[in-house]
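The values are calculated or read from the model by the stated rules, or taken from the named source; none is laboratory data. Every value quoted in this text rests on a predicted model; they were computed, and no experiment measured them. Positions of Cβ are generated from backbone atoms using ideal geometry, with glycine treated the same way; all protein chains shown enter the neighbour counts. Heavy atoms of the whole protein, side chains included, go into the accessibility calculation; ligands, DNA and RNA do not. Shrake-Rupley method; radii C 1.70, N 1.55, O 1.52, S 1.80 Å.
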Amino acid sequence: MFDCIIVGAGPAGGTAAYHLAKKGHSVLILEKAVLPRYKPCGGGVSPVIAKWFDFDFSPAISTKSSTIRYTWKMEDPVQVELQTREPIWMVRRDIFDHFLVQQAQKQGAELQHNTEVTGIEFVNDCWNVKTANGTFSGKYLIAADGAKGMMAKWLGFKERKRRLAGALEVETPAPQGQKPEVHFEFGMVKNGYIWNFPKADGYSIGVGTFIGGEPQDFKGILTEYGKSFGVDINASKQFGHALCLWDGDQKLHTQKALLAGEAACVVDPFTAEGIRPSIFTGVKAAEAISAALGGDLNALETYSKTISEQWGQDMKWAQRIAGAFYRFPGVGYRVGVKRPSATVIMTKILCGELRYSDVAGKALKRLSGLPGFGG
């Protein structure tokens, strides 16, 4: 009998496991894939996450970047050098996620990978988690199995508030001597953007749409984009995946169980940032489960409230900004992206120094108050 079983070994699951194990709780992580495993993801991580841990992330960081470049239809470029204490981390999710789990294992957490969960059952005040490799029992359960995982449905969360966004990503080699520069292209795709995140040995290039609309030829868009970098997108394997964007506050707890990470629908609806909010839910889930194990009867309910108050309240503003920006991206690029202060503000938001609510009023006013509003 484990104190807590965590389903999913992504950032949320690994984080929760680390903090629970460090507090002396018995923890089992169940992961259907064999670690390390590939996960399509741009891999940009705010260095602010370091404050939630007491170990060095250096072994899990592929490279760092202080340069951000924006374009509109590959023209009208804006380049910004970040004046931050720590550059943006660029990670490969196979290495980063496995590194987090390894830190949890050092604290005593157990890992069963290559172990897909096939069902769950609540019996005698504990959870029985069924897998192809046997059944495991836990006093509490954290569902951190991602956007397409089954755990939320099995736990009874039938109608989650979420917006599923589509994305296509490819990992490609980079030309020799390439400076680690983050690139965002806004004009080639509707209702979203193209991202190009450098790694030590290549690019992570992807395209996504975040507010719906008609289907688009992601493959064709990426092929055209790759040509501008001298990269043949079609020479590398492409990965389509879903992003579970925040779309409203909701209950994230049930009988001795919590949702965390993308299963909790916390991806930023404006930037599509997912790693930082997933780790945040992992930290708070661990706090809640530890408190519940200590006798706090309201701990799981408090978790839902905490995520709503400390993350969801700001995502309401992020969603409003996203609606205005992606529907009228030409205006957004001119009055938002090209403003010298825009990148500074977004960097501070990603680092937790500012909230969307601090800047949303001015941002929405600029987006809606110009002649030619309509991109």
Fill in the blank from the handout: Of the residues in segment 61-74, those that are of a type outside the set (G, A, S) and either free of Cβ contacts under 8 Å to residues at least 60 places away in the same chain or part of a loop (DSSP other than H, G, I, E, B) (or both) come to I61, K73, M74
Exercise for the section: List every residue pair whose Cβ atoms lie under 6 Å apart, where the two residues are 6 or more positions apart in sequence or sit on different chains, the first residue falls within segment 269-287 and is open to solvent by less than 10 Å² (accessible area, probe 1.4 Å), and the second residue, located anywhere, is part of a loop (DSSP other than H, G, I, E, B) and of a type in the set (G, A, S). Expected result: T281/A260; G282/A260; A285/A260
Exercise for the section: State all residues of segment 142-171 that are at pLDDT 95 or above and touching a Cys at 6+ places or on another chain (Cβ under 7 Å); if no residue qualifies, say none. Expected result: I142
Problem - Which numbered condition R334 fails, given (1) open to solvent by less than 70 Å² (accessible area, probe 1.4 Å); (2) within 23 Å of I194 (Cβ to Cβ) - result: (1)
Practice task
Please work out if F229 is of a type in the set (F, W, Y), under 22 Å from the mean Cα position of the chain (by Cα) and open to solvent by 30 Å² or more (accessible area, probe 1.4 Å).
Solution key: no
Exercise for the section: Could you grab me the full set of residues in segment 204-226 that are open to solvent by 10 Å² or more (accessible area, probe 1.4 Å) and not acidic (D, E)? Expected result: T209, I211, G212, G213, P215, Q216, F218, K219, G220, I221, T223
Completion exercise
Looking across segment 114-171 at residues that are touching a residue at least 24 places away in the same chain (Cβ under 8 Å) and of a type in the set (D, E), the single one that is surrounded by the fewest Cβ atoms within 10 Å (Cβ to Cβ) is D125
Exercise for the section: Of the numbered conditions (1) modelled with pLDDT under 95; (2) surrounded by fewer than 21 Cβ atoms within 10 Å (Cβ to Cβ), A299 fails exactly one; give the number of that condition. Expected result: (1)
Exercise for the section: Specify the residue that is surrounded by the fewest Cβ atoms within 10 Å (Cβ to Cβ); the eligible residues are those in segment 93-102 that are of a type outside the set (F, W, Y) and closer than 19 Å to F53 by Cα. Expected result: I95
Exercise for the section: For segment 234-246, state whether one or more residues are over 30 Å from D296 (Cβ atoms), open to solvent by 40 Å² or more (accessible area, probe 1.4 Å) and free of Cβ contacts under 8 Å to residues at least 40 places away in the same chain. Expected result: yes
Fill in the blank from the handout: Looking across segment 185-197 at residues that are over 14 Å from A167 (Cβ atoms) and among the hydrophobic types (A, V, I, L, M, F, W, C), the single one that is surrounded by the fewest Cβ atoms within 10 Å (Cβ to Cβ) is M188
Exercise for the section: Spot the failing condition for T84; the list is (1) assigned to a loop (DSSP other than H, G, I, E, B); (2) modelled with pLDDT of 95 or more; (3) open to solvent by 50 Å² or more (accessible area, probe 1.4 Å); (4) touching a Ser or Thr at 6+ places or on another chain (Cβ under 8 Å), and only one is missed. Expected result: (2)
Practice task
Could you please tell me which pairs satisfy a Cβ distance under 9 Å, a separation of 6+ or placement on different chains, a first residue in segment 293-304 that is touching a residue at least 24 places away in the same chain (Cβ under 8 Å) and within 19 Å of H19 (Cβ to Cβ), and a second residue that is open to solvent by 50 Å² or more (accessible area, probe 1.4 Å) and in a helix (DSSP H, G or I)?
Solution key: Y303/E287
Practice task
Out of the residues in segment 36-60 that are in contact (Cβ under 8 Å) with a residue 24 or more places away in the chain and among the hydroxyl-bearing types (S, T, Y), state the one that is most open to solvent (accessible area, probe 1.4 Å).
Solution key: Y38
Exercise for the section: Might you check whether a residue that is open to solvent by 20 Å² or more (accessible area, probe 1.4 Å), outside any helix (DSSP H, G or I) and modelled with pLDDT of 90 or more occurs anywhere in segment 307-328? Expected result: no
Practice task
Return yes or no: is Q105 among the polar types (S, T, N, Q), more than 20 Å from the chain's Cα centre (by Cα), more than 23 Å from G24 (Cβ to Cβ) and open to solvent by 30 Å² or more (accessible area, probe 1.4 Å)?
Solution key: no
